[in-house]
Amino acid sequence: MADKYLTQEGLDKLKKELEHLKTTRRKEIKHRIEEAIKLGDLSENAEYHEAKDDQGMNEARIRELDDIINNAVIIKGEKSKKFVVEVGCEIKTKYDGQEKKFTIVGPSEADPANGIISNESPLGEAFIGKKINDNVEVETPGGIIKYKILSIE
């Protein structure tokens, strides 16, 4: 499996979610299934089928989280000057006359609306390996956007 880049905070959050799914959520679903079975004929029992679907989705998410956690590569959160953009960096850019900050993280922690972008996104991929004062062009549905990297931390 591929490495999953995470901050320590992101890893802790996923571990907490995993624990919740394995304990609380599994118990809730088990209880719902038991209650639905008491209602009788399972072939036409909507509550039973819905609970079984929820159980399948819960188990799939547990497997997904196990994979992410077991393959996690922790991004160091040290704030220091860096010379090349890599996962874990915060960069300040300029485009269209405005400054914008981005933090490069793994896909599990991305929040593009808040400037937290995945290293696997087109924008993240374009920044990786670049240096201060490099110009970066990113193709978007609206056309090419040009960024200039002002700082890397």
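Computed from the coordinates by the stated procedures, all read-outs in this text should not be read as laboratory data. For clarity, every value in this text was computed on a predicted model and none was experimentally measured. Cβ atoms come from the backbone with ideal geometry, glycine included; neighbour counts cover every protein chain shown.
Summary table below
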{"quantity": "Residue check, Lys131 basic (Lys, Arg), over 23 Å from the mean Cα position of the chain (by Cα) and either surrounded by 14 or more Cβ atoms within 10 Å (Cβ to Cβ) or in a helix (DSSP H, G or I) (or both)", "calculated": "no"}
{"quantity": "Breaking point among (1) closer than 30 Å to Glu17 by Cβ; (2) surrounded by fewer than 16 Cβ atoms within 10 Å (Cβ to Cβ); (3) touching a strand residue (DSSP E or B) at 6+ places or on another chain (Cβ under 7 Å), for Ile144", "calculated": "(1)"}
{"quantity": "Out of Ile75, Ile62, sole residue that is in contact with a Ser or Thr (Cβ under 8 Å, 6 or more places away or on another chain) and hydrophobic (A, V, I, L, M, F, W, C)", "calculated": "Ile75"}
{"quantity": "Criterion violated by Asp134 - all others in (1) free of Cβ contacts under 8 Å to residues at least 24 places away in the same chain; (2) closer than 28 Å to Leu14 by Cα; (3) in contact with a strand residue (DSSP E or B) (Cβ under 6 Å, 6 or more places away or on another chain) satisfied", "calculated": "(2)"}
{"quantity": "Check on Val73, within 30 Å of Asn133 (Cβ to Cβ), in contact with a helix residue (DSSP H, G or I) (Cβ under 6 Å, 6 or more places away or on another chain) and touching a residue at least 60 places away in the same chain (Cβ under 8 Å)", "calculated": "no"}
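This table checks each residue for (1) among the β-branched types (Val, Ile, Thr); (2) surrounded by 12 or more Cβ atoms within 10 Å (Cβ to Cβ); (3) more than 16 Å from Lys30 (Cβ to Cβ); (4) within 18 Å of the chain's Cα centre (by Cα).
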residue	(1), (2), (3), (4)
Ser43	no, no, yes, no
Ala46	no, no, yes, no
Ala60	no, no, yes, yes
Glu64	no, yes, yes, yes
Asp67	no, yes, yes, yes
Asn71	no, yes, yes, yes
Lys76	no, no, yes, yes
